[in-house]
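Asker: This is the structure I have questions about; it appears just below.
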């Protein structure tokens with residue numbers, strides 16, 4: 001599930017923005033009114049709330065471009081969208097250089113942003129891969145669906161047996177037993193394989209640097225990530241990148 005943060009200029013913009021989000025009710029949407037003095041403080045909020053999509057609906061300015069560049073440089077998984085009725089031709093390139101992935105302007109901006117959001121949420125990097133799901137995943141019991149929902153929408157730091165058992169209102173031993181029954185392997189092994197999948201996605205599909213990846217995957221430091229990576233893959237990430245190239 002993708003979390004969305006909207007940075008807007010005035011309350012008059014809210015109805016057309018909220019119309020777009022009507023079909024994304026399962027995805028949390030936060031709103032922040034324009035305040036350049038507090039703009040960079042949003043970075044901490046983005047990290048803590050694991051915001052995936054940042055929608056900027058304020059007027060173009062050089063200061064905005066500078067702030068967006070900073071925001072993207074420090075949050076490489078963040079998809080930045082610019083949404084406004086009007087934008088001059090020479091301003092598009094400045095947004096793209098600042099790390100903005102999409103600029104939606106003009107009469108069809110709502111439709112175009114809706115379509116882009118659909119693609120983004122359906123291709124979220126934390127989606128659990130098919131090889132970790134049961135063969136009959138289309139008919140999973142309700143509790144197993146809740147487990148998958150929790151895993152995909154909770155930070156890896158909080159994704160543990162204790163929190164999952166509490167979420168399901170059952171004991172940890174009961175949870176572990178049910179998890180193995182649903183997914184055919186114990187929770188620890190499942191999580192290790194899931195992290196390995198996330199490593200591959202972030203490193204090779206998203207082309208992220210390990211200096212960013214270890215924080216996202218909740219490693220203590222880069223060395224801890226490197227050791228764990230080598231144990232799982234049998235080779236260091238540096239050498240694996242060379243072979244991929």
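The values are calculated or read from the model by the stated rules, or taken from the named source; none is laboratory data. Because the structure is predicted, anything quoted here is derived from the model rather than measured. Cβ coordinates were reconstructed from backbone atoms using ideal geometry, including for glycine residues, and neighbour counts include every protein chain displayed.
Asker: Residues to consider are 202, 185; find the one that is modelled with pLDDT under 95, within 26 Å of residue 123 (Cβ to Cβ) and either touching a strand residue (DSSP E or B) at 6+ places or on another chain (Cβ under 6 Å) or not in a helix (DSSP H, G or I) (or both). Write out each step before concluding.
Answerer: Details: 202 fails: either touching a strand residue (DSSP E or B) at 6+ places or on another chain (Cβ under 6 Å) or not in a helix (DSSP H, G or I) (or both).
Of the residues listed, the single one that is modelled with pLDDT under 95, within 26 Å of residue 123 (Cβ to Cβ) and either touching a strand residue (DSSP E or B) at 6+ places or on another chain (Cβ under 6 Å) or not in a helix (DSSP H, G or I) (or both) is 185.
Asker: Same structure, new question: Of these, 242, 230, 215, which one is closer than 17 Å to residue 157 by Cβ, free of Cβ contacts under 8 Å to residues at least 60 places away in the same chain and surrounded by fewer than 17 Cβ atoms within 10 Å (Cβ to Cβ)?
Answerer: Among 242, 230, 215, only 215 is closer than 17 Å to residue 157 by Cβ, free of Cβ contacts under 8 Å to residues at least 60 places away in the same chain and surrounded by fewer than 17 Cβ atoms within 10 Å (Cβ to Cβ).
Asker: Mind listing whichever residues of region 51-69 are closer than 20 Å to residue 207 by Cβ and surrounded by fewer than 21 Cβ atoms within 10 Å (Cβ to Cβ)?
Answerer: 69
Asker: State which residue pairs qualify: first residue within 14 Å of residue 216 (Cβ to Cβ) and inside region 73-87, second residue modelled with pLDDT under 90 and in a loop (DSSP other than H, G, I, E, B) in any location, beta carbons under 6 Å apart, and separation of 6 or more residues or different chains.
Answerer: 76/208
Asker: Being part of a strand (DSSP E or B) and touching a residue at least 40 places away in the same chain (Cβ under 8 Å) is the filter here, so list the residues in region 28-61 that pass it.
Answerer: Scanning region 28-61 gives 53, 54, 55, 56, 57.
Asker: Scan region 133-173 for residues that are assigned to a loop (DSSP other than H, G, I, E, B) and either modelled with pLDDT of 90 or more or under 21 Å from the mean Cα position of the chain (by Cα) (or both) and jot them down.
Answerer: Filtering region 133-173 down to residues assigned to a loop (DSSP other than H, G, I, E, B) leaves 133-136, 140-141, 154-160, 169-171.
Result: 133, 154, 155, 156, 157, 158, 159, 160, 169, 170, 171.
Asker: Look through 6, 20 and report the one residue that is out of contact with any strand residue (DSSP E or B) (no Cβ under 8 Å at 6 or more places or on another chain) and under 17 Å from residue 102 (Cα atoms).
Answerer: Details: 6 fails: out of contact with any strand residue (DSSP E or B) (no Cβ under 8 Å at 6 or more places or on another chain).
Going through 6, 20 in turn, just one is out of contact with any strand residue (DSSP E or B) (no Cβ under 8 Å at 6 or more places or on another chain) and under 17 Å from residue 102 (Cα atoms): 20.
Asker: If a residue has to be exposed (fewer than 14 other Cβ atoms within 10 Å of the Cβ) and either modelled with pLDDT of 85 or more or more than 19 Å from residue 83 (Cα to Cα) (or both) to count, how many in region 21-32 make the cut?
Answerer: If we filter region 21-32 for residues that are exposed (fewer than 14 other Cβ atoms within 10 Å of the Cβ), which is where we start, we get 22-23, 25-26.
Filter once more, keeping what is either modelled with pLDDT of 85 or more or more than 19 Å from residue 83 (Cα to Cα) (or both): 25-26.
Here the count works out to 2.
A quick yes/no check of all residues on (1) at pLDDT below 90; (2) outside any loop (DSSP other than H, G, I, E, B); (3) within 24 Å of residue 8 (Cβ to Cβ):
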| residue | (1), (2), (3) |
| --- | --- |
| 65 | no, yes, yes |
| 81 | no, yes, yes |
| 94 | no, yes, yes |
| 113 | no, yes, yes |
| 117 | no, yes, yes |
| 121 | yes, yes, yes |
| 124 | yes, no, yes |
| 128 | no, no, no |
| 131 | no, yes, no |
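Asker: Do you know which of the residues in region 1-20 that are in contact with a helix residue (DSSP H, G or I) (Cβ under 8 Å, 6 or more places away or on another chain) and not in a loop (DSSP other than H, G, I, E, B) is surrounded by the fewest Cβ atoms within 10 Å (Cβ to Cβ)?
Answerer: We begin by selecting, within region 1-20, every residue in contact with a helix residue (DSSP H, G or I) (Cβ under 8 Å, 6 or more places away or on another chain); these are 1-2, 4-8, 16, 19-20.
Then drop every residue that is not not in a loop (DSSP other than H, G, I, E, B), which leaves 4-8, 16, 19-20.
Values: 4: 22, 5: 20, 6: 22, 7: 23, 8: 18, 16: 14, 19: 11, 20: 22.
It comes out as 19.
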